[in-house]
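Nothing in this text is a laboratory measurement; each read-out follows from the coordinates by a stated rule. What you see is a predicted model; the values in this text were computed from it and never measured. A quick note on method: Cβ atoms are made from the backbone with ideal geometry, for glycine too, and the neighbour counts reach across all protein chains shown.
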Amino acid sequence: MTKEQTQVRAFLTRISKVLGQERTSVLSDRQDKILSKAYRRLLDSKPLDKISDQEILGQYELVTEHLSPIAYEQR
């Protein structure tokens, strides 16, 4: 496994811990895609150890509450 793959895997584990199964299991496909891109940009912008739990949660809230709320997804 490359260093980048190891870093991505560690980040995904951290995201799962911060958000929990309940939040991640209710994402629509569109929300999941948008959130994945947001997390990739975040990981590309700074080292993993500099990303706070609040930033992870903030990206989730931005996507699910403002960019693509579930009420919009169900139309």
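Structure summary
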quantity	calculated
Calculated FRET value between Asp29 and Thr6, using beta carbons and R₀ = 25 Å, to 0.05	0.40
Estimated 222 nm signal from helices in the chain, with DSSP H stretches of n ≥ 4 weighted -39500 (n - 2.57), rounded to 500	-22500 deg cm²/dmol
Spatially proximal lysines relative to Lys50 (Cα-Cα < 21 Å; intrachain offsets below 8 disregarded)	Lys3, Lys17, Lys37
Where only C-alpha atoms are counted, convex hull volume of the chain per residue in Å³	88
Helix 29-45 axis, angle to the chain major axis (alpha carbon atoms, nearest 10°)	30
Val8, Val63 arranged by Cβ crowding within 10 Å, fewest neighbours leading	Val8, Val63
